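Everything on this sheet refers to the single structure shown next.
None of the figures in this text is laboratory data; all of them are computed from the coordinates on show. Everything numeric in this text was worked out from a predicted model, so none of it was measured. Here the Cβ positions follow ideal geometry from the backbone for every residue, glycine too, while neighbour counts run over all protein chains shown.
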């Protein structure tokens, strides 16, 4: 994305003590970001601000919202995180700001990664820049201020977002879209020897060095890849990483996909599972069910039952785990630590605080999978409800779709898919996936020329 000045200025505040893990080397340093957009650290007034008027029915605003304040007052909307929902909020605000509100975006990295294209990057089908959403230019177009630092919690009493190594950011309306991490990182050796898929920017940054290490070793012993996780992410990474490594050299490769369940892709149509298993057998990918990891040491992963497996690369793609943000904020959470929201996407018990994407669990639909497709679909509802809450109008309810289009990149120009209980595969499926992904990403391209 072009980085030339234009449009209304955006003030970027950088927390010097917070590492920026991005796939763009020019954004790794504080100085580079300051050269790009200028630095202003005076973004937290520390002042106490009263809440927007509370409502009897949290889903319907009546005359509450901004209607209860003098028109001259300027209120603060704070977006915590740069996930799939929040980039859509910035897109909408660029076209139509919320009257009387100024917006601040708090992100721990100026680059957001679109997860849907990561398997294609692993396969070598995309460049890193193809899956990056550059938050500061997008925010500048929306007239928003950017704070590049890690949000640690919400102070509900003072109505502030607490930010690491920076002054707090006051809010009247706020939304949280910070994603998730992965379970099992506390198992012995996993943090030291496995590559987790969250933070996703770290996964992207690691792939090219992994391929380079694979290329530098000229011996003829097989390069052993163990992928742990039987969901869509584990399947795609097993296939796409194998495809990438096979393109780079003729060294033998061993790929094993290990999961703890009785069947792969639990909850997905059996027709899709059968296609995955057929393709895995055709490509020499060994699928091993009912193996629960108990720990890892250098070059070896161990299980509660069965023999250990040696590895040269251990990819950790198990289920989603929550960040401590909600618990540290004293907000309602489910048993796993994810924030609980109402159907309006408001945090339970909070009228002026919303949460979307993987970081939140819908109280009415607690079994909704942690998948990016839901965050994408929540974006328009969130935007409507932020505007409605500000204006004192009724809020909409979000109902997750019971079935969504599943598309799995196999790394060789083909893909598998499923919808309405039916499965399919071929090059046309990969063409469809690529078309959908690129269309989504084009919405956030900023041309400053």
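Structure summary
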{"quantity": "Burial ordering of 425, 304, fewest other beta-carbon atoms within 10 Å first", "calculated": "304, 425"}
{"quantity": "Nitroxide proxy distance, nm - points 7 Å out along Cα→Cβ at residue 270 and residue 185", "calculated": "3.8 nm"}
{"quantity": "Centroid-to-centroid separation of region 158-219 and region 252-279 [C-alpha atoms, Å]", "calculated": "26 Å"}
{"quantity": "All-pairs alpha carbon distance profile, region 169-225, 10 Å steps from 0, percent", "calculated": "16, 33, 27, 15, 6, 3, 0"}
{"quantity": "Computed P(r) (all Cα pairs; region 183-319; 5 Å bins; percent)", "calculated": "2, 10, 21, 24, 21, 15, 7, 1, 0"}
{"quantity": "Förster-model FRET efficiency, 45 Å R0, residue 192 and residue 435, C-beta, rounded to 0.05", "calculated": "0.65"}
{"quantity": "Cβ-Cβ FRET estimate between residue 334 and residue 278, R0 fixed at 45 Å, reported to 0.05", "calculated": "0.75"}
{"quantity": "Gained length - residue 218 relative to residue 300, 0.36 nm times residue gap less alpha-carbon distance", "calculated": "27.4 nm"}
{"quantity": "When the convex hull of its Cα atoms is projected in every direction, mean area for region 365-449 (nm²)", "calculated": "8.8 nm²"}
{"quantity": "Relative packing of 200-210, 171-181, which averages over residues the other C-beta atoms within 10 Å, highest first", "calculated": "171-181, 200-210"}
{"quantity": "Calculated SAXS-style log₁₀ I(q)/I(0) at q = 0.13, 0.18, 0.25 Å⁻¹ - region 242-305, Debye, Cα scatterers", "calculated": "-0.47, -0.83, -1.10"}
{"quantity": "Pair residue 405, residue 152: separation of 7 Å Cα→Cβ label points (nm)", "calculated": "4.4 nm"}
{"quantity": "For 428, 420, order by how many other beta-carbon atoms lie within 10 Å, fewest first", "calculated": "420, 428"}
{"quantity": "Length-normalised contact order of region 183-319 in % [C-alpha pairs under 8 Å, at least 6 apart]", "calculated": "35 percent"}
{"quantity": "Which of 77, 237 has the fewest Cβ neighbours within 10 Å, and the rest in rising order", "calculated": "77, 237"}
{"quantity": "Scattering curve values for region 113-154, log₁₀ I(q)/I(0), Debye with Cα scatterers, q = 0.14, 0.22, 0.30, 0.35 Å⁻¹", "calculated": "-0.49, -0.79, -0.94, -1.10"}
